[in-house]
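The structure under discussion appears below in the form of structure tokens.
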Amino acid sequence: MPPFFDPVESGFYASCLENLLADTRLGPVLADGLVELGAGTGIPMAEALRRQESTVPVRGFELDGRSSRVAARIVEKAGLANYRIIHGDFFDGTRRGPERCAVGNPPYLPARGDAPELWGGDTGAEISRRVLSAGFETVLLLVSSISDPVGLLGHARAAGYRVSDWMARPIVFGAYTRDSRVSRRLSELARGGHAFFTPDTYVIAGVTWTADPAAPDDVEALTRVLTAGTATAIGEPVPEMNEPIPDDEGEPSSPAPISATLPAEPANSPSASASASARTRRVV
Ligand SMILES: C[S@@+](CC[C@H](N)C(=O)[O-])C[C@H]1O[C@@H](n2cnc3c(N)ncnc32)[C@H](O)[C@@H]1O
């Protein structure tokens with residue numbers, strides 16, 4: 001499989017990482033470094049570190065061999081000495097380091113489709129639950145409205161975490177979520193109150209939790225945003241589009257700096273990135 005990279009989803013993850021790196025409240029925690037579950041191409045973290053000019057040490061774990069090789073090359077080209085890609089399982093290697101903060105855009109599909117590396121167990125949230133059970137002081141994860149978001153938020157709360165920050169955006173269903181095995185499972189989850197979407201879109205949120213049961217919990221509005229969709233089936237596939245979106249001057253947009261260093265091996269873009277902020281519309 002080519003490494004996972006989606007302009008909307010991975011770009012949003014990069015923005016969430018950037019916010020985390022800029023959060024002065026987290027200074028002492030970040031000083032001990034970050035561990036990342038699933039570096040993918042390495043582009044989101046590399047972009048966030050570059051934009052923030054951050055020297056925070058990061059260990060990015062990536063289970064998939066091809067992805068980790070691609071990510072290592074991209075990080076080297078970007079000249080980021082503080083971002084180290086490690087080929088291996090996040091859950092095997094993380095606790096051996098000094099880091100108190102874990103981040104990631106974990107696998108989230110609730111059924112095995114054509115992308116096994118995106119399978120997040122029966123609800124899609126099983127790997128995220130494991131991260132939240134691993135004892136980190138601060139955790140930033142992308143949470144999806146199609147992967148039992150209420151169960152996941154409840155799990156975090158029971159583990160002693162409180163939501164300290166979040167941001168969310170809609171995302172259009174793409175090839176992997178429209179896969180018949182995945183979409184059937186999504187319908188089951190929606191009927192049981194474990195997945196929330198409209199016929200064409202779902203919501204992703206970057207959620208930061210702090211392990212402090214006494215801290216305020218900014219979870220109510222987040223829950224409303226993640227549970228707003230009331231459909232029980234994904235709509236018809238949208239027509240194929242691969243054209244760059246012209247920018248305001250009518251010229252095709254140029255890619256972001258580190259994205260321009262994408263490897264010769266094509267990246268794997270599962271979502272139909274037809275949102276207004278996507279630089280390239282891609283329906284795969
Ligand atoms: C949804 S992709 C996200 C990739 C990248 N962070 C991004 O947002 O573009 C999830 C990634 O996690 C990796 N992964 C899954 N389980 C893992 C584990 N236990 N340890 C390390 N990487 C893992 C997958 O191979 C995949 O590349």
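Things worth noting here:
- Here R69 qualifies as at pLDDT 95 or above, part of a helix (DSSP H, G or I), of a type in the set (D, E, K, R) and more than 9 Å from the ligand (Cβ to nearest atom).
- When the criteria are applied in full, S273 meets the requirement of being within 20 Å of S147 (Cβ to Cβ), at pLDDT below 90, crowded, with 17+ Cβ neighbours inside 10 Å and of a type in the set (S, T, Y).
- I74 vs. criteria within 11 Å of the ligand (Cβ to nearest atom) and surrounded by 14 or more Cβ atoms within 10 Å (Cβ to Cβ): no
- Qualifying residue in segment 33-41 (condition: assigned to a helix (DSSP H, G or I), in contact (Cβ under 8 Å) with a residue 60 or more places away in the chain and touching a Leu at 6+ places or on another chain (Cβ under 8 Å)): no
- V29 crowded, with 17+ Cβ neighbours inside 10 Å, over 15 Å from the mean Cα position of the chain (by Cα) and within 13 Å of the ligand (Cβ to nearest atom): no
- Taken residue by residue, segment 181-203 has no member that is over 21 Å from T227 (Cβ atoms) and touching a Pro at 6+ places or on another chain (Cβ under 7 Å).
- T232, sole failed condition from (1) touching a Lys or Arg at 6+ places or on another chain (Cβ under 8 Å); (2) at pLDDT 85 or above; (3) among the β-branched types (V, I, T); (4) surrounded by 17 or more Cβ atoms within 10 Å (Cβ to Cβ): (4)
- Flag if M45 is modelled with pLDDT under 95 and near the ligand (Cβ under 10 Å from one of its atoms): no
- Residue ID - surrounded by the most Cβ atoms within 10 Å (Cβ to Cβ), chosen from residues in segment 92-107 that are in a loop (DSSP other than H, G, I, E, B) and within 13 Å of the ligand (Cβ to nearest atom): N105
- Consider segment 52-66 and keep the residues that are under 14 Å from F90 (Cβ atoms) and more than 10 Å from the ligand (Cβ to nearest atom). The one that is surrounded by the most Cβ atoms within 10 Å (Cβ to Cβ) is V58.
- Where helices (runs of 4 or more DSSP H) fall entirely within segment 108-221, those with at least 3 residues that are of a type in the set (A, V, I, L, M, F, W, C) and without any contact (Cβ under 8 Å) to a residue 60 or more places away in the chain are at 149-158.
- Conditions (1) touching a Cys at 6+ places or on another chain (Cβ under 9 Å); (2) under 22 Å from D6 (Cα atoms); (3) surrounded by fewer than 24 Cβ atoms within 10 Å (Cβ to Cβ); (4) of a type in the set (A, V, I, L, M): number failed by A111: (1)
The values are calculated or read from the model by the stated rules, or taken from the named source; none is laboratory data. Everything numeric here is computed off the predicted structure, so don't read it as measured data. Note: ideal-geometry Cβ built from the backbone for every residue, glycine included; neighbour counts use all protein chains shown.
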